[in-house]
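**Student:** Here's a structure for you.
The values are calculated or read from the model by the stated rules, or taken from the named source; none is laboratory data. Computed from a prediction, not measured in an experiment: that's the story for all the values here. Using ideal geometry, Cβ is built from the backbone for each residue, glycine included, and neighbour counts are taken over all protein chains shown. Surface accessibility is based on the protein's heavy atoms, side chains included, excluding ligands, DNA and RNA. Shrake-Rupley method; radii C 1.70, N 1.55, O 1.52, S 1.80 Å.
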Amino acid sequence: TQLLEQSPQFLSIQEGENLTVYCNSSSVFSSLQWYRQEPGEGPVLLVTVVTGGEVKKLKRLTFQFGDARKDSSLHITAAQPGDTGLYLCAGDSVQNQGGKLIFGQGTELSVKP
Amino acid sequence: NAGVTQTPKFRVLKTGQSMTLLCAQDMNHEYMYWYRQDPGMGLRLIHYSVGEGTTAKGEVPDGYNVSRLKKQNFLLGLESAAPSQTSVYFCASSYRSPQPQHFGDGTRLSIL
């Protein structure tokens, strides 16, 4: 069974602080996606990384795909209350059939003013 | 621009009752998925479909059935609901693999 382990599971920080969320696996992924989910809504895609070592930036968010394509990280600089939400990583296995994604457990982020 | 629409949004059932959750997408996507989301467990795939008339089992298929008679619709059925099926159910669709998945806003289902 392929697993994606996300850490930390919960994170509560003050506005202006930096944070990093990790997504790790023993499996290799063709690509890895990061989603953000707000209460009462479905997940919304933030970014997809496909190349080992790739770094993508989305305003204050920086996403990195590990060289071996087994792990990824999300770094938020100067967090704001609007960043509050559930962050999910999801991997597309190299053995994938049918477009299935494997999701991590999620990181619940709370940014206090 | 509706995207993925799930109905109903909320439902309370008694143990043993049956019901069908409907998912409709207007993006002409080939792939559709049903997930359940429980606290601390992320999203777990129940069933999925790679095209009209096809279905396949995901990670947690027991107690659920699905049908994809039309490309735009994907139905999830609970034949005899159990309290362990209390969860938030999400439908998603994608154009093809490994394109990003587009999610509906979920159905909150409680089984007493």
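**Student:** Considering each residue of the stretch B:52-72, count those that are outside any strand (DSSP E or B) and either more than 10 Å from chain A (Cβ to nearest Cβ) or closer than 26 Å to B:G16 by Cα (or both), and give that number.
**Tutor:** The number of residues fulfilling the criteria is 14.
**Student:** Check the stretch A:84-104 and report whether any residue there is more than 10 Å from chain B (Cβ to nearest Cβ) and of a type in the set (K, R).
**Tutor:** No, the stretch A:84-104 contains no residue that is more than 10 Å from chain B (Cβ to nearest Cβ) and of a type in the set (K, R).
**Student:** Another question, if that's okay. Taking the stretch B:26-42 on its own, how many of its residues are under 24 Å from A:L86 (Cα atoms), open to solvent by less than 30 Å² (accessible area, probe 1.4 Å) and more than 11 Å from the chain's Cα centre (by Cα)?
**Tutor:** Residues flagged as under 24 Å from A:L86 (Cα atoms), open to solvent by less than 30 Å² (accessible area, probe 1.4 Å) and more than 11 Å from the chain's Cα centre (by Cα) within the stretch B:26-42 amount to 2.
**Student:** While we're on this one: Here is a list of conditions, (1) touching a strand residue (DSSP E or B) at 6+ places or on another chain (Cβ under 7 Å); (2) facing chain A (nearest Cβ under 9 Å); (3) open to solvent by 50 Å² or more (accessible area, probe 1.4 Å); (4) over 17 Å from B:Q6 (Cβ atoms), and B:L112 meets all of them except one; can you say which number that is?
**Tutor:** (2)
**Student:** Here is a further query. Give just the number: which of (1) charged (D, E, K, R); (2) within 30 Å of B:E52 (Cβ to Cβ); (3) not in a strand (DSSP E or B) does A:E17 not satisfy?
**Tutor:** Only one criterion is unmet by A:E17, namely (2).
**Student:** Can you tell me how many residues in the stretch B:73-108 are more than 8 Å from chain A (Cβ to nearest Cβ), within 12 Å of the chain's Cα centre (by Cα) and either part of a loop (DSSP other than H, G, I, E, B) or not basic (K, R) (or both)?
**Tutor:** 12
**Student:** Here is a list of conditions, (1) open to solvent by 40 Å² or more (accessible area, probe 1.4 Å); (2) more than 14 Å from chain B (Cβ to nearest Cβ), and A:R69 meets all of them except one; can you say which number that is?
**Tutor:** Every listed condition holds for A:R69 apart from (2).
**Student:** Does the stretch B:1-17 contain at least one residue that is at positive phi, within 12 Å of chain A (Cβ to nearest Cβ) and either surrounded by fewer than 13 Cβ atoms within 10 Å (Cβ to Cβ) or of a type outside the set (A, V, I, L, M, F, W, C) (or both)?
**Tutor:** There is at least one residue in the stretch B:1-17 that is at positive phi, within 12 Å of chain A (Cβ to nearest Cβ) and either surrounded by fewer than 13 Cβ atoms within 10 Å (Cβ to Cβ) or of a type outside the set (A, V, I, L, M, F, W, C) (or both).
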